[in-house]
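Participant: Below is one structure. I have some questions about it.
What follows draws every value from the coordinates through simple rules; no lab data is involved. All values reported here derive from a predicted model rather than from experimental measurement. Here the Cβ positions follow ideal geometry from the backbone for every residue, glycine too, while neighbour counts run over all protein chains shown.
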Amino acid sequence: MANPKVHVKKGDTVLVISGKDAGKKGKVLEVLPKEKRVIIEGINIVKRHTKPTQAAPQGGIVEKEAAIASSNVMLFCSKCNKPTRIGKKLMGNGAYARQCKHCGEVFEK
């Protein structure tokens, strides 16, 4: 696969539709297109056992967000308050923007 794509972008609000965190909403912190995974704020929290370093001299157990498959999330439209699929809308400058399939809200800035 030459150029993998993910349907969400950094900063989007998404709803988790499957897995242990199903039904939770969060903001996308990072997108990993090669692995087709996303990291979402407050979702899929795992415990990391860390060694003491200069940055964290105590070490110990740290809780952090782990990646989740992008197929397990849907973009959340704040206007119609629903999870939605993404449609394309041709803008005036010839570029395409993402839009809500329910209400037509455009997600691009």
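Participant: Net charge around ARG85, counting only other residues with Cβ within less than 14 Å of its Cβ (Lys, Arg = +1; Asp, Glu = -1)?
Facilitator: +3
Participant: I would also like to ask the following. So which of LYS9/LYS34; LYS24/LYS89; LYS5/LYS64; LYS34/LYS101 end up more than 20 Å apart, counting from Cα to Cα?
Facilitator: Violating the 20 Å limit, Cα to Cα: LYS24/LYS89; LYS5/LYS64; LYS34/LYS101.
Participant: Could I ask something else about it? LYS34 versus ALA66, label points 7 Å from Cα toward the beta carbon: distance in nm?
Facilitator: 2.1 nm
Participant: Another one. Spin-label point model (7 Å from Cα, Cβ direction): what's the LYS27 to LYS47 distance in nm?
Facilitator: For LYS27 paired with LYS47, the spin-label model returns 2.8 nm.
Participant: Under 5 Å between amide H atoms, partner at least 5 residues away or on a different chain: which partners does ASP12 have, H built in plane at 1.01 Å?
Facilitator: Counting only residues 5 or more places away or on other chains, the set is VAL28.
Participant: Considering the values (i) 13.4, 42; (ii) 17.0, 55; (iii) 15.6, 56, which represents Rg and Dmax of the Cα atoms in Å as calculated for the structure under consideration?
Facilitator: Computed from these coordinates, Rg and Dmax of the Cα atoms in Å corresponds to label (ii).
Participant: Output ³J(HN,Hα) for region 18-23: one whole-Hz value per residue in order, computed from phi by the Karplus curve 6.51 cos²θ - 1.76 cosθ + 1.60 with θ = phi - 60°, and x for Gly and Pro.
Facilitator: 8, x, 5, 9, 4, x
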